[in-house]
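Reading through the structure tokens given below for one structure.
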Amino acid sequence: MKILIYNDKTGVRGGTETYINSIKKELEGRGFQVERLTIDVREFSDVTRSRFPQIHKFRDGLLYKKSVAKAIEAKLRTFTPDIIHINNNAYFTTTILKVANQHNIPAVQTIHDYRLIPKKGESVLASFIKKIRLNIVKKHSSHFISPSYKFEKILHARGIENVTYIQHYIELDQWISDEQPPREKRILYIGRLEVEKGIYVLLEAWRQIAHTLPDYQLLFIGEGGEAENLSEAIQKNNLQSQTKILPFMSQHDIKNYLYSSALIVVPSAYREMFGLIGLEAFACRIPVIASDVAGIPEWCIHEKTGLLVPMEKPEALAQAMPRILNDPAFAQQLTQQAHAFLLEAHDKQKALDILEKVYRNVVA
């Protein structure tokens, strides 16, 4: 079977790209022919350069775009897939699905975020775009894959029945280590430096308790559009002696920090579909605090595999951090239970078996 994996972003260090790279490698190991096609938003859309990005999102997401179609057609001439596996397709939804349908190629979509689903408080235009785009993918996609139980139920509630839950996984052999370095007095944030990731919620919580933990340091590890503003906020709150921003680093270095730090916080301030950093933390046996939102509670089970705090509530986060840092026995209990949960609930081979079954059923 020949599989074309499609997405609309390159150069993004996130869970979607990790997922795509892994399934490509694993499926090739199972005898499938797999190729990737990326229609980069920065090249084919003006959304990142325009003063009115919402207009371009509306146009690119809902209208057929010839330049995108030509790029897809060129790929199909050199690689004739039996199935197209779509990922992160917020911008060129109509185009990729129309091309797939014209060639009678079934399209499977893994939904990596909530961008198809309207949310409270957003603009009428944004909500309108999402509703139309959801109807398009509902009509023209052969099957959906959800990495979240909760999102699977949301899709069912919106009339989409052809959905399969497939758990996310990590490459365990790349994260588990026999070495156990001493835990230094460090709190970690690892991810994109963006408002929706909750970086300012974490900083405010840290401002409230940093003076009570004078030997501890908070590290932000990552890159993003808020890096400069975050640096200014750290200085404004006089936290520079206990707070540092480090650039995005290799997996090897991330792994070292996870094994040698005391706590990691996942303070998401938006609907996070999953959050692979949680599974990586479980593998490295570092305790986790995370926002109680969307798919996160499916892996951060409160007081079992980690601590949950309400989204965008720095006061609650400020109370949760010392609870773990000042109670080593409780921290160890959480990490032991989290590690066992990882091995049981997020097995790679089981996930790939289900994915392969979805492919074969859709093609058949």
Here is a list of conditions, (1) at pLDDT 90 or above; (2) buried (at least 19 other Cβ atoms within 10 Å of the Cβ); (3) not in a helix (DSSP H, G or I), and N89 meets all of them except one; can you say which number that is? (1)
Only one of K304, K357 is over 16 Å from the mean Cα position of the chain (by Cα), surrounded by fewer than 20 Cβ atoms within 10 Å (Cβ to Cβ) and assigned to a loop (DSSP other than H, G, I, E, B). Can you tell me which? K304
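Return the residue satisfying two criteria in turn: it lies in region 24-36 and is surrounded by 19 or more Cβ atoms within 10 Å (Cβ to Cβ) and in contact with a strand residue (DSSP E or B) (Cβ under 7 Å, 6 or more places away or on another chain), and of such residues it is farthest from E356 (Cα to Cα).
The extreme case among them is V34.
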Identify, please: which residue in region 234-245 is surrounded by 14 or more Cβ atoms within 10 Å (Cβ to Cβ) and out of contact with any Leu (no Cβ under 6 Å at 6 or more places or on another chain) and is, among those, farthest from I190 (Cα to Cα)? N237
Give the residues of region 285-310 that are within 29 Å of L116 (Cβ to Cβ) and of a type in the set (A, V, I, L, M, F, W, C), sorted by residue number. V288, I289, A290, V293, A294, I296, W299, C300, I301, L308, V309
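Determine whether region 314-327 contains at least one residue that is farther than 17 Å from Q208 by Cβ and modelled with pLDDT under 95.
Checking region 314-327: not a single residue is farther than 17 Å from Q208 by Cβ and modelled with pLDDT under 95.
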I need the full set of residues from region 159-180 which are surrounded by 15 or more Cβ atoms within 10 Å (Cβ to Cβ), closer than 18 Å to V108 by Cα and out of contact with any strand residue (DSSP E or B) (no Cβ under 9 Å at 6 or more places or on another chain), in order please. Q167, H168
Output yes when any residue across region 261-278 is surrounded by fewer than 19 Cβ atoms within 10 Å (Cβ to Cβ) and either at pLDDT 95 or above or of a type in the set (D, E) (or both), and no when none is. no
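Each row is one residue, and each column tells you yes or no for (1) out of contact with any helix residue (DSSP H, G or I) (no Cβ under 6 Å at 6 or more places or on another chain); (2) closer than 25 Å to L116 by Cβ; (3) in the same structural domain as I277 (by TED's automatic domain parsing).
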| residue | (1), (2), (3) |
| --- | --- |
| H140 | no, yes, no |
| A157 | yes, yes, no |
| I160 | no, yes, no |
| E179 | yes, no, yes |
| R207 | yes, no, yes |
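Hey, among I132, I72, which residue is touching a helix residue (DSSP H, G or I) at 6+ places or on another chain (Cβ under 6 Å) and either modelled with pLDDT under 85 or of a type in the set (F, W, Y) (or both)? Walk me through it before giving the result.
Working: I72 fails: either modelled with pLDDT under 85 or of a type in the set (F, W, Y) (or both).
Residue meeting the stated conditions: I132.
The values are calculated or read from the model by the stated rules, or taken from the named source; none is laboratory data. Given the structure is predicted, the values throughout are model-derived calculations rather than measurements. Methodologically, a virtual Cβ is constructed for each residue, glycine included, from the backbone with ideal geometry; neighbour enumeration extends over all protein chains shown.
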